[in-house]
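J.: Take a look at this one; I'll ask things after.
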Amino acid sequence: MILIADCGSTKIDWCVVRQGKVEKQVFTCGMNAVMLTEDEMRERIAAELVPELADRAASIKAVYFYGAGCISPEVCGNVERAIRANIPAATVEVHTDLLAAARALCGRKPGIACILGTGSNSCFYDGEAIARNVSPLGYILGDEGSGAVLGKLLVGDVLKGQLPQELCDKFLKKYDLTLLDIIRRVYKEPQGNRFLASLTPFLIENIKEPAIHALVMRSFGAFFTRNISHYDGMCEPVVNFIGSIAFYYRDVLEEAARECGYTVGTVLKSPMEGLISFHS
């Protein structure tokens, strides 16, 4: 029996897997390993996960944890010890969410794997490890094509009157926002990236409007140009994606890919199904 965790800042999806089949699925509050101490993570796992596992914890032989913020040996070590304190498994592996995407999308074959959700990221995966990664740089300096950047572009165009007036009015009415509300949420309150990403449903609802379609196309085009072009020549120009933005905007994503000379391959909303297959 193994335990696989897909950890984001909002929630963690834990799956107990026996012989390739999910025996138990548990959702707990998310955590970013960079932001929490080892003790804080250990206490959260003890309070939220262990009671849900009940007597299964003793039968778990391996834990594979993929998480936001698991970007250094020190951080990964903190997560590993927090898990071992609660689940005495023989094997505990801690990896980045980008490796989760690569393994879920490509299995044990080389390929280009990307995350396109609130943030964005990409890599060339050689079938075993991430061989090359272009830093996403976050939603201020990069994260092209992400929910946060799409929301940022949308808000900027609304407030600067770059969209047709009827669309600007429709947006402000839908979200009941003023200029001051938006400035405060983006610049003064925490997690401005999540606020901006939360506005993206307006884009998909109005994607047939030429101005909205063009906005999304520009951002996806920038993702391919500024990130995926660095992997040219390493493998076939097929690009695979995980994440809500890729999943819901697939038609426009495929259109942008064609314009940039690429093909969209596998698109998954979540990596868990692929990770279960990989580890089974």
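J.: Tally up the residues in the range 186-205 that are touching a Gly at 6+ places or on another chain (Cβ under 6 Å) and not hydroxyl-bearing (Ser, Thr, Tyr), please.
T.: 4
J.: Suppose we filter the range 176-190 for residues that are within 17 Å of Lys160 (Cβ to Cβ) and exposed (fewer than 15 other Cβ atoms within 10 Å of the Cβ); how many remain?
T.: Final tally of qualifying residues: 6.
One line per residue, one yes/no per condition, for (1) among the hydrophobic types (A, V, I, L, M, F, W, C); (2) crowded, with 16+ Cβ neighbours inside 10 Å:
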| residue | (1), (2) |
| --- | --- |
| Val17 | yes, yes |
| Met31 | yes, yes |
| Glu38 | no, yes |
| Ala46 | yes, no |
| Ser59 | no, no |
| Val75 | yes, yes |
| Ile83 | yes, yes |
| His95 | no, yes |
| Gly111 | no, yes |
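J.: If I ask for residues that are touching a strand residue (DSSP E or B) at 6+ places or on another chain (Cβ under 7 Å), at pLDDT 90 or above and of a type in the set (Ser, Thr, Tyr), which ones from the range 223-280 would you list?
T.: Answer for the range 223-280, where residues must be touching a strand residue (DSSP E or B) at 6+ places or on another chain (Cβ under 7 Å), at pLDDT 90 or above and of a type in the set (Ser, Thr, Tyr): Tyr231, Tyr262, Thr263, Thr266.
J.: Among the numbered criteria (1) acidic (Asp, Glu); (2) surrounded by 20 or more Cβ atoms within 10 Å (Cβ to Cβ); (3) touching a Cys at 6+ places or on another chain (Cβ under 9 Å), which single criterion is violated by Glu144?
T.: (3)
J.: Something else about it: Does Asp181 fit the bill of being more than 16 Å from the chain's Cα centre (by Cα) and at pLDDT below 90?
T.: Taking the combined requirement at face value, the residue satisfies it.
J.: Moving to a separate point now. So if I check each of Ser219, Ser270, Ser277, Ser244, which one is within 24 Å of Thr96 (Cβ to Cβ), open to solvent by 80 Å² or more (accessible area, probe 1.4 Å), touching a residue at least 60 places away in the same chain (Cβ under 8 Å) and out of contact with any Cys (no Cβ under 7 Å at 6 or more places or on another chain)?
T.: Ser277 is the lone residue from the list that is within 24 Å of Thr96 (Cβ to Cβ), open to solvent by 80 Å² or more (accessible area, probe 1.4 Å), touching a residue at least 60 places away in the same chain (Cβ under 8 Å) and out of contact with any Cys (no Cβ under 7 Å at 6 or more places or on another chain).
The values are calculated or read from the model by the stated rules, or taken from the named source; none is laboratory data. Because the structure is a prediction, the values reported are computed rather than measured. Every residue, glycine as well, gets a Cβ built from its backbone with ideal geometry; the counts of neighbours run over all protein chains shown. Calculation scope for accessible area: heavy atoms of the full protein, side chains included, ligands and nucleic acids excluded. Shrake-Rupley method; radii C 1.70, N 1.55, O 1.52, S 1.80 Å.
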